[in-house]
Structures are given as structure tokens and as C-alpha cells.
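**Student:** Following this message is one structure expressed as C-alpha cells.
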Amino acid sequence: MVQKARKKLSALRWQTAKQREGACQVLITYDNQCGVLIVGDKFLGTARARTKEIAEDIGVEACQVSDTNCEVYYSACTEPVFHRY
């Protein structure tokens with residue numbers, strides 16, 4: 001499953017790089033929460049939420065609106081930080 005997602009992402013990166021002539025951009029930032037990268041056959045998207053599971057569900061559902069074979073390619077969470085005010 002991960003290998004298949006990596007191949008899709010590699011193809012999407014190549015296609016995107018050709019379209020943007022190599023320009024890179026930040027797709028997601030997150031703090032005190034979790035972020036995920038979702039890939040489908042043609043979809044590349046991100047989502048974030050308070051838990052990894054919720055972020056994955058949001059991302060896969062968004063992908064499935066317009067694409068098939070949607071999978072979580074990467075997910076991570078930041079350590080919770082409490083700021084006393």
C-alpha cells in the first residue's frame with residue numbers, strides 16, 4: 001500500500017514540477033495538531049485536525065469527492081504545547 005502511494009506521489013510530483021517549472025510550495029503547516037498528506041490517482045491534498053485519525057478521515061473523504069484510490073501517504077502530529085497566559 002505504501003509503495004503504491006509512493007509511486008503515485010512520485011508521478012504527481014513530476015507532473016506538478018513540469019507544470020510549475022520546478023517551483024516548490026508549502027502545502028500544509030500545523031501546530032498542536034496532526035497533518036496528513038493524501039494521494040489518489042490524480043489527487044494530492046492535505047488535511048489537519050486534533051487527531052491523526054480525524055485528519056486522515058477528512059483528507060480521504062475530500063479526495064474521494066473527485067478521485068479514486070485515495071490513500072494516506074504521510075501523517076504526523078506535533079507535540080502538544082500548553083501556553084499559560
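**Student:** Mind checking whether some residue in the range 57-72 is crowded, with 17+ Cβ neighbours inside 10 Å and assigned to a strand (DSSP E or B)? Even if it seems obvious, please write down each step before you answer.
**Tutor:** First, pick out the residues of the range 57-72 that are crowded, with 17+ Cβ neighbours inside 10 Å: 58-60, 62-63, 70-72.
If we keep only those that are assigned to a strand (DSSP E or B) too, we end up with 71-72.
Checked against the condition, which is being crowded, with 17+ Cβ neighbours inside 10 Å and assigned to a strand (DSSP E or B), the range 57-72 yields at least one hit.
**Student:** List every residue pair whose Cβ atoms lie under 9 Å apart, where the two residues are 6 or more positions apart in sequence or sit on different chains, the first residue falls within the range 59-85 and is closer than 9 Å to residue 37 by Cα, and the second residue, located anywhere, is among the β-branched types (Val, Ile, Thr) and not in a strand (DSSP E or B).
**Tutor:** From residues that are closer than 9 Å to residue 37 by Cα, the pairs are 71/2; 71/60; 72/60; 73/2.
A short reminder: the numbers here are calculations on the coordinates, not readings from a lab. Since the structure is predicted, the reported quantities are computational estimates derived from the model, not experimental observations. When we count neighbours, we look across all protein chains shown, and the Cβ atoms used for this are built from the backbone with ideal geometry, even at glycine.
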